[in-house]
1. Placing +1 at every Lys and Arg Cβ and -1 at every Asp and Glu Cβ, with all other atoms neutral, what dipole size does the range 127-182 have around its Cα centre, in debye to the nearest 20?
2. Report the calculated FRET efficiency for Thr36 and Ala81 (r = Cβ-Cβ distance, R0 = 51 Å), to the nearest 0.05.
3. Given +1 on the Cβ of Lys and Arg, -1 on the Cβ of Asp and Glu, and no further charges, what dipole in debye does the range 255-411 carry about its Cα centre, rounded to the nearest 20?
4. How far is helix 132-151 tilted, in degrees, relative to the longest principal axis of the Cα atoms in the chain, given as a value from 0 to 90 rounded to the nearest 10?
5. In the structure displayed, which of Lys372/Lys412; Lys118/Lys363; Lys49/Lys386; Lys49/Lys345; Lys219/Lys372; Lys219/Lys345 lie more than 32 Å apart, Cα to Cα?
6. Using 0.36 nm per residue of separation minus the Cα-Cα distance, give me the extension gain between Thr172 and Asp232 in nm, one decimal.
7. Under a 1.4 Å probe, what is the accessible area of the chain per residue, stated in Å²?
8. Taking Cα pairs under 8 Å and at least six residues apart, what relative contact order does the chain come out at, in percent?
Amino acid sequence: MADKKKRRRAAHDSDSDSESRPFQSKLKPDSVILQTLKALKSSCSTTSKTLSLSDVGLSSTCREVADLPIDEVQSEIESLAFTIAKSILSGEGFSFSVPSRSATNQLYVSELDRIVLKDKSSARNFGNVSTVRKATITLRILQLVHQLCTSNIHVTKRDLFYTDVKLFQDQTQSDAVLDDVSCIVGCTRSSLNVVAAEKGVVVGRLIFSDNGDMIDCTKMGMGGKAIPPNIDRVGDMQSDALYILLVEKDAAFMRLSEDRFYNRFPCIIVTAKGQPDVATRLFLRKMKMELNLPVLALVDSDPYGLKILSVYWCGSKNMSYDSANLTTPDIKWLGIRPSDLDKYKIPEQCRLPMTEQDIKTGKDLLEEDFVKKNPAWVEELNLMVKTKQKAEIQALSSFGFQYLSEVYLPLKLQEQDWL
């Protein structure tokens, strides 16, 4: 009699658990899901050489920078300084021809699957009252970068700003001109020996060398390993992972890291904790190219989550001049997608109404060529704009804090539910 009561109670608990964690009963054994992931990895085509503008006949109408050695950067700056001095001595003053990085000077090239910078430029004249300050800042940044090249040291963008606070006034101004200098010199921003502060983190089945020190990312604790700001010092990447999981937010990263999700379904988990920084974008690309692993993305179900995904995949308009080095091809959108809200029965109280700005951003995305190229993306975005609902990854916590790692992601992987 007592055994029957226990069995009834166990059955009742099982039913309650199934109701509180929807779709858990659909999960197959991990071994089945692992076979799916192995097939995904096998289907990942061998990474080929990145196509350049000249490969698609756009070298005369668009521009891109290259990763230059320090002596070449130094030589380019010295050549520029010589031209400026010659112009001043001839009584003509001086000006910089600066590539325009405005939205109208950007172009999405489907053959390259990334955004590139067109060839329009503007004059930044020292003798013109409207541009004299920007010309002065440009000259100062060039001087500081030359000093870094001579000393062969790296500094952060914040360090650069504090070398002349009164001139720069705000770091956004020195940061913007630093990008301009990259375009003028024709090199990547990392070639200028100026890096951003550490932001992104990585955890999981990855071993790499950081300036000679071997780092095992399975032994970095719940917080993971900070991604080095200077990608040049990263090398010797080794991994037995089946895929890379790109996560938008730190909260989801911490959940997956603490649950050791990367051991259950061997993967490398990486996040930039929001907006993608240059170091994380470079690191993700390096992993993709060297390890030849598929990349699956987990972002919020809102227009900004998709914008973040698009920056990793086809580049940002602000740094389109360096998209060849910063973009990671063929990223698959795993979740959270607008169609998931009903499919996974996300409670209404966990969904948020989209603001007018959200809706405008969503409609603007629908006009982008890189979105139009993906009919499934268009369908998801149209659904988002139509329902006017959004949700964060954390909305899944309404079914339990570990629902993300124990049900949602395993089921997504099992069903190969990515775009």
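1. Values: 6 positive and 6 negative charges, 30 e Å.
Roughly 140 debye, rounded to the nearest 20.
2. After rounding to 0.05, the efficiency reads 0.30.
3. 180
4. Approximately 80 degrees, to the nearest 10.
5. Check vs 32 Å cut-off fails for Lys49/Lys386; Lys49/Lys345; Lys219/Lys372; Lys219/Lys345.
6. Extending this stretch completely gives an extra 19.1 nm.
7. Result: 46 Å² per residue.
8. Reported as a whole number, the value is 18 percent.
The values are calculated or read from the model by the stated rules, or taken from the named source; none is laboratory data. Computed from a predicted structure; not experimentally measured. Using ideal geometry, Cβ is built from the backbone for each residue, glycine included, and neighbour counts are taken over all protein chains shown. Surface areas here come from the heavy atoms of the whole protein model, side chains and all, with no ligands, DNA or RNA. Shrake-Rupley method; radii C 1.70, N 1.55, O 1.52, S 1.80 Å.
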